[in-house]
Amino acid sequence: MSDLTTEQVGALAAALGLPVTLDDLAEVTHRLNALIEALEPLAELALDTVEPVPGLGEPPGS
Amino acid sequence: MTADGADLAFLSARRIAALVREREVSPVEMTRLYLERIERLDSRLCAYITVVPEAALETARRAETAVMRGAPLGPLHGVPYAVKDQFDTAGVRTTSGSRIREDHVPTEDATTISRLNAAGGILLGKLNLTEFALGGTQQFPFGQPRNPWDLDHDPGGSSSGSGIAVAAGLCAASLGEDTGGSVRSPASFCGVVGLRPTWSRVSRHGSFPLSWSMDTPGPLARTVEDTAWLLQAIAGYDAKDPLSSRAPVPEYARTLGDGVRGLRIGIVRELTFGPETDAEVREAVIGAARCLERLGAVTEEVSLPLVPFAGAVFMALADSDGAGVHHRWLRTRAGDYDQGTRRRLLTASLIPAAIQQRAARVRALLRAEMRAALARHDLLLCPTAHQAAPPIAAARGAITGRHEVAGRFFTRRSYVTPAALAGLPAIAVPCGFTESGLPLSLQLIGRHFEEATVLRAAHAYERGSEWSRRRPPGTT
């Protein structure tokens with residue numbers, strides 16, 4: 001996934017009704033790109049058959 | 001009693017309860033002592049947002065009357081405690097550390113508060129936290145909380161005041177809330193004990209939410225025994241929290257002294273020996289492992305390859321939940337948030353669904369990885385944090401590039417979020433000091449609902465070491 005630009009992030013925020021100031025926008029873009037980049041290597045794992053559930057109701061001792 | 005005020009203030013909660021029961025000290029005397037210390041010391045520490053002296057003294061007087069009458073006494077009878085200002089307290093404002101909630105006065109106690117009061121605790125006040133328990137607050141609305149071991153250093157968060165107040169003798173014990181390390185991090189940086197129970201072991205009712213599948217109230221105290229007694233008071237099913245567990249609550253104190261002989265402990269390689277872990281931290285944690293070996297435990301290295309990703313996985317999931325909780329205020333009161341909180345929540349509001357779901361699937365794999373390790377070991381051992389408390393200034397200022405983000409947010413969270421993502425119980429116990437005098441902390445992680453094993457090992461280590469006997473400078 002290529003980096004998001006401040007313009008793209010600003011447009012996305014505006015579409016969602018989020019009031020992002022110009023000061024906020026640069027940092028929000030850095031944060032979002034960093035999170036996407038950090039999770040990028042995990043795309044190589046075999047995740048398709050993994051259920052995305054948080055594991056509620058774990059029995060005692062498990 | 002011949003002990004001076006500071007000696008009394010640093011007694012364990014259980015010792016205070018015993019002295020009250022034996023009429024050696026009065027609950028009023030103990031409450032006045034802590035109120036005087038808060039008045040004298042807290043202007044520079046900022047552990048408290050709200051102190052309730054009149055209500056505390058009134059509760060203390062009733063507690064004293066009960067003692068003198070020979071009435072049945074709860075296990076924490078006469079013990080002055082304080083709570084993170086994330087928990088509702090009837091008639092006492094509950095800010096969640098935010099201007100947005102600065103005038104919020106609940107009409108009902110959180111279940112944990114009701115239970116601590118029913119056990120005989122005396123509420124002294126509400127403790128400072130990072131805004132909405134999120135972490136990354138730049139300007140604290142109710143004052144910058146400071147580490148009692150060095151005022152220029154971070155006390156940890158989000159339950160910052162809960163760590164400070166216990167470390168500085170401004171209460172006997174405290175309650176925090178741990179979504180992704182918020183009890184264990186301040187315990188680590190402030191040199192006290194902090195326990196994250198199994199998710200669902202303790203009711204979340206009346207605690208301002210961040211992430212429904214990870215939020216977990218937990219105690220902070222100066223001894224492992226105290227954390228066991230506080231957990232005893234707050235654990236158990238609550239009809240007001242439909243996700244709270246109906247699993248029976250064992251008597252935690254009964255097995256506390258059973259030792260570690262024969263316990264199998266896995267030392268998490270990536271967190272203990274990884275490149276992000278400071279040398280002083282590594283040395284202290286390995287020293288703690290050797291101590292547990294001398295006490296009879298069997299240790300070996302275990303690899304959990306996904307834990308270095310836990311910090312980022314956690315932020316993709318918990319922050320998304322938080323963005324949902326805050327979506328109305330973000331649109332209508334964005335300027336009332338601290339800059340750090342607002343930017344974190346705005347970011348979380350924009351996380352692509354594919355990334356969020358990838359994180360959820362990796363969480364399931366991480367949980368399976370940890371369960372497999374805990375099938376072979378009774379406990380997992382690692383540092384609570386990769387470094388001692390950093391300077392407050394290190395986390396100040398805007399982020400000017402994405403490479404700063406990993407260092408400031410993901411790395412440190414990868415030490416405490418694996419247990420949170422897997423819903424496992426974990427404890428932070430003091431295990432040494434840096435050369436400059438800042439506390440270091442050992443983390444022990446157990447199987448679901450096996451807090452008794454976690455507490456028993458932590459207690460054995462604590463008894464075999466001397467770290468919890470030190471007091472921060474300037475707190476006498």
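Using Cα atoms only, what is the angle between the long axis of helix A:22-39 and the major principal axis of chain A, expressed in degrees (0 to 90) to the nearest 10? It is inclined by approximately 30 degrees. Could you tell me which residue out of A:ILE36, A:THR5, B:LEU151 lies farthest along the dipole of the protein assembly as shown toward its positive end? Charges go on the beta carbon: Lys and Arg +1, Asp and Glu -1, centred on the Cα centre. Highest projection toward the positive end goes to B:LEU151. The label point for B:GLU300 and the one for A:VAL50, both projected 7 Å from the Cα toward the Cβ, are 2.5 nm apart. Modelled spin labels at B:ARG269 and B:THR476, positioned 7 Å past Cα toward Cβ, are 4.8 nm from each other.
For the segment B:210-218, counting C-beta atoms of other chains within 10 Å of every residue's C-beta and taking the mean gives 1. Under the classification rounded if a/c is under 1.5, otherwise prolate if a/b is larger than b/c and oblate if not, where does chain A fall, given a ≥ b ≥ c as square roots of the Cα gyration tensor eigenvalues? It is prolate, given that a/c is not under 1.5 and a/b is the larger ratio. Summarising the label geometry, the points placed 7 Å from Cα in the beta-carbon direction at B:LEU57 and B:SER436 lie 4.1 nm from one another.
About its Cα centre, chain B has a charge dipole of approximately 820 debye under the convention of +1 per Lys or Arg Cβ and -1 per Asp or Glu Cβ, with nothing else charged. Ranking B:THR434, B:ILE445, B:ILE399 by how far each Cα lies toward the positive end of the dipole of segment B:398-476 (charges on Cβ) leaves B:ILE399 at the top. Stretching the chain fully between B:GLN139 and B:ALA353 yields a gain of 73.9 nm (0.36 nm per residue, less the alpha carbon separation).
For a paramagnetic label modelled on B:ASP278 (point 7 Å from Cα along Cα→Cβ), amide N atoms under 12 Å away belong, within segment B:387-423, to B:387-392.
Dipole check for segment B:359-436: with +1 at the C-beta of Lys and Arg, -1 at the C-beta of Asp and Glu, and the Cα centre as origin, the magnitude is about 380 Debye.
Computed extension gain for B:ALA375 through B:GLU293, at 0.36 nm per residue and net of the alpha carbon distance, reaches 27.6 nm. Between amide H atoms placed 1.01 Å from N, distances below 5 Å from B:ILE49 occur with B:LYS126, B:LEU127, B:ASN128, all of them 5 or more places distant or on a separate chain. Angle check, please: helix A:6-15 long axis (alpha carbons) against the longest principal axis of chain A (alpha carbons), in degrees 0 to 90, nearest 10. Between helix and principal axis, roughly 80 degrees. Between the amide H of B:VAL298 and those of B:GLY262, B:LEU263, B:ARG264, B:ILE265, distances stay under 5 Å, these residues lying 5 or more places away or on another chain, with hydrogens modeled in the peptide plane.
Please state the charge dipole magnitude for segment B:1-138, taken about the Cα centre, from unit charges on C-beta atoms (+1 on K and R, -1 on D and E), reported in debye and rounded to the nearest 20.
240
Please state the shape class of segment B:394-476: rounded when a/c is under 1.5, otherwise prolate if a/b exceeds b/c and oblate if not, all from the C-alpha gyration tensor. Judged from the Cα gyration tensor, segment B:394-476 comes out oblate (a/c at least 1.5, b/c at or above a/b).
Full extension of the chain between B:ARG328 and B:ARG93 gives 82.4 nm of extra length, using 0.36 nm per residue less the Cα-Cα distance. Taking the charge dipole of segment B:184-327 about its Cα centre, with +1 at Lys and Arg Cβ atoms and -1 at Asp and Glu Cβ atoms, the residue from B:ALA247, B:HIS326, B:ILE265 reaching farthest to the positive side is B:ALA247. Once backbone amide H atoms are built at 1.01 Å from N, B:PHE433 has B:LEU440 as its partners under 5 Å, excluding neighbours fewer than 5 places away on the same chain.
How do B:250-258, B:157-165 rank on mean C-beta neighbours within 10 Å, highest first?
In decreasing order of mean packing, B:250-258, B:157-165 become B:157-165, B:250-258.
Calculated FRET efficiency, B:ARG254 to B:ALA398, Cβ-Cβ distance, R0 = 60 Å: about 0.70 to the nearest 0.05. For the peptide A:42-48, the mean number of other protein chain Cβ atoms found within 10 angstrom of a residue's Cβ is 4. Remark: segment B:177-189, residue by residue, has Karplus-estimated 3J(HN,Hα) of 9, 10, 8, x, x, 6, 8, 6, 5, x, 4, 5, 6 Hz, where x stands for each Gly or Pro and the curve is 6.51 cos²θ - 1.76 cosθ + 1.60 at θ = phi - 60°. In sequence order, segment B:139-146 has phi-based couplings of 10, 6, x, 10, x, 6, x, 10 Hz under the Karplus curve 6.51 cos²θ - 1.76 cosθ + 1.60, θ = phi - 60°, and Gly or Pro positions carry x.
Averaged over the residues of B:350-362, the number of partner chain Cβ atoms lying within 10 Å of the residue Cβ comes to 6.
Computed from the coordinates by the stated procedures, all read-outs in this text should not be read as laboratory data. Since this is a predicted model, take the numbers as computed values, not measurements. Using ideal geometry, Cβ is built from the backbone for each residue, glycine included, and neighbour counts are taken over all protein chains shown.
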